[in-house]
Amino acid sequence: VTHELRTPLTTFKLYSEMLAEDMVADPDQRKKYLATLTAEATRLSHLVENVLAYARLERGPARQSSEHLTVCELVGRLAPRLAERAAQTGLEFVTDTSSPAAIAKLEIDVPAVEQILFNLVDNACKYAGPEAADKRIHLEVLPAPDPVRFATLRLRDHGPGLSKEAARVLFRPFS
């Protein structure tokens, strides 16, 4: 985590000092530096949100904010943000809510589901995007064992996948 924090902070410091001291005269180069600062700010914000979410999980059960809505409504609400993230790396975000399970009205912690799906899409953008022959990320609603109480969402990309080594440590904290 400290390494992940240092990288954007170092970029912030270096680029902001250079811009403040008028060391970047070329307008196109200034624009690139500002775009990099914006991207690093987004990355840093996302990392901080993940650390805070992990800290909340470590503290134990918390009060959930839940809403009653259909899975289809949930996907419709979250899809624009996920599609925007995918588009940033040249990927297309595709949803399939044709399953009968999509109309089940459930009690859903929308921010928690959004954080999980955003992390998965973000990972697909970082690790699958450049190498994937198929540039789509699919979010599908699948039938669940108890469709009155649960829904199954499956997010797929077409990247190279994880090595056996990476798969072994995948669910360790901060991996």
Inset, instruction - Mind listing whichever residues of the stretch 122-141 are loosely packed, with under 12 Cβ neighbours inside 10 Å and acidic (D, E)? - result: E131
Inset, instruction - Kindly list the number of the only condition in (1) surrounded by 14 or more Cβ atoms within 10 Å (Cβ to Cβ); (2) within 28 Å of V141 (Cα to Cα) that fails for Y33. - result: (2)
Inset, instruction - Specify the residue that is farthest from V71 (Cα to Cα); the eligible residues are those in the stretch 147-156 that are in contact with a His (Cβ under 8 Å, 6 or more places away or on another chain) and surrounded by 13 or more Cβ atoms within 10 Å (Cβ to Cβ). - result: R156
Inset, instruction - Take E107 and decide whether it is surrounded by fewer than 15 Cβ atoms within 10 Å (Cβ to Cβ) and in a strand (DSSP E or B). - result: yes
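Could you tell me whether any residue of the stretch 52-71 is open to solvent by 60 Å² or more (accessible area, probe 1.4 Å), closer than 16 Å to D122 by Cα and among the aliphatic types (A, V, I, L, M)?
The answer is no; no qualifying residue exists.
Residues checked against (1) of a type in the set (V, I, T); (2) more than 27 Å from G161 (Cα to Cα); (3) in a helix (DSSP H, G or I); (4) modelled with pLDDT under 85:
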| residue | (1), (2), (3), (4) |
| --- | --- |
| R63 | no, yes, no, yes |
| V75 | yes, no, yes, no |
| A83 | no, no, yes, no |
| L117 | no, no, yes, no |
| L120 | no, no, yes, no |
Inset, instruction - Check A166, A144 and return the single one that is open to solvent by less than 40 Å² (accessible area, probe 1.4 Å), closer than 30 Å to P100 by Cα and either among the polar types (S, T, N, Q) or not in a strand (DSSP E or B) (or both). - result: A144
Legend entry - Matching residues, the stretch 84-104, being under 12 Å from L74 (Cα atoms) and either open to solvent by less than 20 Å² (accessible area, probe 1.4 Å) or touching a residue at least 40 places away in the same chain (Cβ under 8 Å) (or both): T95, T97, A102, A104
Inset, instruction - Go through the residues of the stretch 37-50 one by one and say whether even a single one is modelled with pLDDT of 90 or more and open to solvent by 30 Å² or more (accessible area, probe 1.4 Å). - result: no
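If we scan the stretch 27-45, do we find a residue that is in contact with a helix residue (DSSP H, G or I) (Cβ under 6 Å, 6 or more places away or on another chain), part of a helix (DSSP H, G or I) and under 24 Å from L153 (Cβ atoms)?
Filtering the stretch 27-45 for residues in contact with a helix residue (DSSP H, G or I) (Cβ under 6 Å, 6 or more places away or on another chain) gives 33, 37, 40, 43-44.
When the remaining residues are screened for being part of a helix (DSSP H, G or I), the result is 33, 37, 40, 43-44.
Applying the additional criterion that residues be under 24 Å from L153 (Cβ atoms) yields none.
No, every residue in the stretch 27-45 fails to be in contact with a helix residue (DSSP H, G or I) (Cβ under 6 Å, 6 or more places away or on another chain), part of a helix (DSSP H, G or I) and under 24 Å from L153 (Cβ atoms).
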Inset, instruction - Scan the stretch 55-80 and report the pairs whose first residue is more than 15 Å from E114 (Cα to Cα) and whose second residue is modelled with pLDDT under 70, with Cβ atoms within less than 7 Å and a gap of 6+ or a chain change. - result: R56/A62
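The values are calculated or read from the model by the stated rules, or taken from the named source; none is laboratory data. These numbers were taken from a predicted model, which means no experiment stands behind them. All Cβ positions, glycine included, derive from the backbone under ideal geometry; neighbour counts span all protein chains shown. Side chains included, ligands, DNA and RNA excluded: accessible areas come from the protein's heavy atoms. Shrake-Rupley method; radii C 1.70, N 1.55, O 1.52, S 1.80 Å.
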